[in-house]
1. Do the conditions hold for R91, that is, is it of a type in the set (K, R), surrounded by 12 or more Cβ atoms within 10 Å (Cβ to Cβ) and over 18 Å from A16 (Cβ atoms)?
2. Determine the pairs where a residue that is buried (at least 22 other Cβ atoms within 10 Å of the Cβ), located within the range 52-65, has a partner that is in a loop (DSSP other than H, G, I, E, B) and small (G, A, S) with Cβ atoms under 9 Å apart, the partner being 6 or more residues away or on another chain.
3. Considering the range 87-124 alone, what residues qualify as being charged (D, E, K, R) and either at pLDDT 90 or above or more than 18 Å from L55 (Cβ to Cβ) (or both)?
4. Within the range 77-114, which residues are of a type in the set (V, I, T) and farther than 18 Å from L37 by Cα?
5. Pick from A57, A101, A82: which is in a helix (DSSP H, G or I), among the hydrophobic types (A, V, I, L, M, F, W, C) and touching a helix residue (DSSP H, G or I) at 6+ places or on another chain (Cβ under 6 Å)?
6. Does any residue in the range 95-116 that is under 16 Å from P81 (Cα atoms) come within less than 7 Å, Cβ to Cβ, of a residue that is in a helix (DSSP H, G or I) and modelled with pLDDT of 95 or more six or more places away or on a different chain, and which pairs are these?
7. Looking only at the range 18-46, which residues are surrounded by 13 or more Cβ atoms within 10 Å (Cβ to Cβ), part of a helix (DSSP H, G or I) and out of contact with any Asp or Glu (no Cβ under 6 Å at 6 or more places or on another chain)?
Amino acid sequence: MPRSERSPLLLAGLLAAAGVAHFAAPRQFDATIPRGLPGSPRTWTHASGVAELALAAAVALPRTRRTAALATAAFFVGVFPANVKMAVDWRHRPAPLKAAAFGRLPLQVPLVLWARSVARTGEGRS
């Protein structure tokens with residue numbers, strides 16, 4: 001399978017794994033929900049897990065891939081405040097944990113670019 005055909009499936013796999021993790025270990029995600037959002041953190045954790053699972057399914061299907069990949073890029077931008085909150089909250093933790101939290105911040109850029117790249121290879125592109 002050529003790399004261009006594997007990339008959407010890898011992105012879908014990443015999204016699916018993250019979506020499942022939101023239900024399997026929700027407490028770690030609850031802690032990253034910015035306090036200013038209405039409702040309970042668990043509601044946001046579950047909603048983002050559902051969104052990731054839906055995006056995974058849509059990215060995996062060629063017919064919906066382009067739109068889903070663009071939505072995935074927007075999703076990655078949208079969850080950035082949670083990663084910032086985690087980095088701020090973990091700034092006094094031991095060095096490995098602090099490094100992991102701060103390391104997630106620049107990781108959003110390649111994730112957004114990856115999703116946009118998958119969108120360019122999806123069906124229905126203009």
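1. The answer is no for R91.
2. V59/G122; R65/G122; R65/G124
3. Matches in the range 87-124: D89, R91, R93, K98, R104, R116, R120.
4. Listed by number, the residues that qualify are V109, V112.
5. Answer to the selection: A101.
6. Once the first residue is under 16 Å from P81 (Cα atoms) and sits in the range 95-116, its partners that are in a helix (DSSP H, G or I) and modelled with pLDDT of 95 or more give Q108/F76; L111/F76; V112/A73; V112/F76; V112/V77.
7. V20, A21, H22, F23, P26, F29, D30, T43, W44, H46
The values are calculated or read from the model by the stated rules, or taken from the named source; none is laboratory data. Remember, it's a predicted structure, so these values are computed and weren't measured experimentally. Please note: Cβ atoms are built from the backbone with ideal geometry, for glycine as well, and neighbour counts cover all protein chains shown.
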